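Participant: First the structure, which I've put down as structure tokens, then a few questions once you've had a look.
The values are calculated or read from the model by the stated rules, or taken from the named source; none is laboratory data. The model shown is predicted, which means the values in this text are computed figures rather than measured ones. Heads up, the Cβs are rebuilt from the backbone with ideal geometry, glycines too, and the neighbour counts pull from every protein chain shown. Remember, those area values only see protein heavy atoms, side chains included, never the ligands or the DNA or RNA. Shrake-Rupley method; radii C 1.70, N 1.55, O 1.52, S 1.80 Å.
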Amino acid sequence: MIVVTGATGNIGRTLVPLLADAGEDVVAVSRRDRPADLPAGVRHARADVGDAAGMRPVLDGADALFLLLGGELNSHGESPEALVDAAARGGVKRIVLVSSQLNSTRPEVPSHARLRAFEAAVRGSGLDFTVLRPSGFASNAFAWAESVRAERTVHAPFADVALPVVDPADIAEVAAAALREDGHAGRAYELTGPAAVSPRQQAAAIAEALGEEVAFVELSREQAHAHLARFMPEEAIGGTLDVLGAPLPAERQVSGDVERVIGRPARSFAQWAARNAPAFR
């Protein structure tokens, strides 16, 4: 049995069907009620990664755990060791943790302290583990969907700073391999797209997917800060803007880990945009 936390998120909504189609016994965990689109045969559990006691019955009898921190990323609740211990007691032998590229490129960033603590807990658990360290998600472009639908315009800072954003569907495929196959224990995979792409280029890819013109308006750092403050904790905003505006060489670098794990090149941002064009119509 494989337990998938964050089952309704950008990664989980692809990972759950991948595992189910492969014949795995899957429990999809979310903090909300059962999603209507879960594949047949997949069980749903309403639980919170930040509540080890609540996760214990979900983990009982599981062989593997896909561990994704959502709202718990900035939580100061139970220690990561509590959840890892609950997993081990439930029978879990293998954990795949979604961490962040920043834990290797900027290991002192305060906003990722809890992720670093989970990495340490998983590494010290005695279980087989794989750590996934994705770069920025292509799906962050959904933040532009409203303005593209309303006025065919993208508003973003650092117009021509390019980063190799990764398609969450590729993260899901790597996770499925690490959960189901041997040979990934003890590995940390850096997951990026196949090429660095700037916000201006992303807007052009969305325009191509729509078959319509999409204008690009560059925001100042101050304007971008004000926008991010609507939904992001203040302590995370500065670091996010630093990465977007002044990325380190390692953050610009394309990794081949997606292809090494799943045997095909990572999907491009243009492919992501074509697949998700309906969100921008």
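Participant: Does segment 100-129 hold any residues that are open to solvent by less than 40 Å² (accessible area, probe 1.4 Å), small (G, A, S) and without any contact (Cβ under 8 Å) to a residue 60 or more places away in the chain, and which are they? Break it down stepwise before answering.
Facilitator: Our first condition is that a residue be open to solvent by less than 40 Å² (accessible area, probe 1.4 Å); within segment 100-129, this holds for 100-103, 105, 109, 111-112, 114-115, 117-119, 121-122, 125, 127, 129.
If we keep only those that are small (G, A, S) too, we end up with 100, 111, 117, 121, 125.
Hits for segment 100-129 are S100, A117, A121, S125.
Participant: Now for a separate question. Identify all residues within segment 184-221 that are of a type outside the set (A, V, I, L, M) and in a helix (DSSP H, G or I); write none if there are none.
Facilitator: As a first pass, look at segment 184-221 and keep what is of a type outside the set (A, V, I, L, M): 184, 186-187, 189-190, 192-194, 198-202, 208, 211-213, 216, 218, 220-221.
Result: P199, R200, Q201, Q202, E208, R221.
Participant: State which residue is farthest from A215 (Cα to Cα) when the search covers only segment 257-281 and only residues that are open to solvent by 30 Å² or more (accessible area, probe 1.4 Å) and outside any helix (DSSP H, G or I).
Facilitator: Taking segment 257-281 and keeping what is open to solvent by 30 Å² or more (accessible area, probe 1.4 Å), we get 259-260, 262-265, 267-268, 270-271, 274-276, 278-279, 281.
After this cut, where a residue has to be outside any helix (DSSP H, G or I) as well, the list is 263-265, 267-268, 276, 281.
Working: G263: 36, R264: 33, P265: 30, R267: 24, S268: 21, N276: 18, R281: 14 Å.
The qualifying residue farthest from A215 (Cα to Cα) is G263.
Participant: Further, regarding this structure: Going by the conditions given, is V243 touching a Phe, Trp or Tyr at 6+ places or on another chain (Cβ under 7 Å), in contact (Cβ under 8 Å) with a residue 12 or more places away in the chain and assigned to a helix (DSSP H, G or I)?
Facilitator: So V243 fails the test.
Participant: Looking at segment 7-28 only, could you name the residues that are under 15 Å from A172 (Cβ atoms) and aliphatic (A, V, I, L, M)? Steps first, please.
Facilitator: Initially, segment 7-28 is screened for residues under 15 Å from A172 (Cβ atoms), giving 7-22, 24, 26, 28.
A7, I11, L15, V16, L18, L19, A20, A22, V26, A28 - these are the residues of segment 7-28 that are under 15 Å from A172 (Cβ atoms) and aliphatic (A, V, I, L, M).
Participant: Failed condition for V154, given (1) of a type outside the set (D, E, K, R); (2) part of a loop (DSSP other than H, G, I, E, B); (3) over 30 Å from A120 (Cβ atoms), with all others met?
Facilitator: (2)
Participant: Given the conditions (1) in contact with a strand residue (DSSP E or B) (Cβ under 9 Å, 6 or more places away or on another chain); (2) touching a residue at least 60 places away in the same chain (Cβ under 8 Å); (3) open to solvent by less than 40 Å² (accessible area, probe 1.4 Å), which single one is not true for V161?
Facilitator: Exception for V161: condition (1).
Participant: What are the residues in segment 35-45 that are over 10 Å from A7 (Cα atoms) and at pLDDT below 95, if any?
Facilitator: Scanning segment 35-45 gives A36, D37, P39, A40, G41.
Participant: Look at V27 and say whether it is surrounded by 21 or more Cβ atoms within 10 Å (Cβ to Cβ) and of a type outside the set (K, R). Before you say what the answer is, go through the steps one by one.
Facilitator: Numbers: surrounded by 21 or more Cβ atoms within 10 Å (Cβ to Cβ): yes; of a type outside the set (K, R): yes.
Yes: the conditions hold for V27.
Participant: When you scan segment 56-76, do you find a residue that is in a helix (DSSP H, G or I), under 18 Å from A169 (Cβ atoms) and in contact with a Lys or Arg (Cβ under 8 Å, 6 or more places away or on another chain), even just one? It would help to see each step written out before you state the result.
Facilitator: Initial filter on segment 56-76 (in a helix (DSSP H, G or I)): 56-59, 71-74.
Retained after the next criterion (residues that are under 18 Å from A169 (Cβ atoms)): none.
No, there is no match, as no residue in segment 56-76 is in a helix (DSSP H, G or I), under 18 Å from A169 (Cβ atoms) and in contact with a Lys or Arg (Cβ under 8 Å, 6 or more places away or on another chain).
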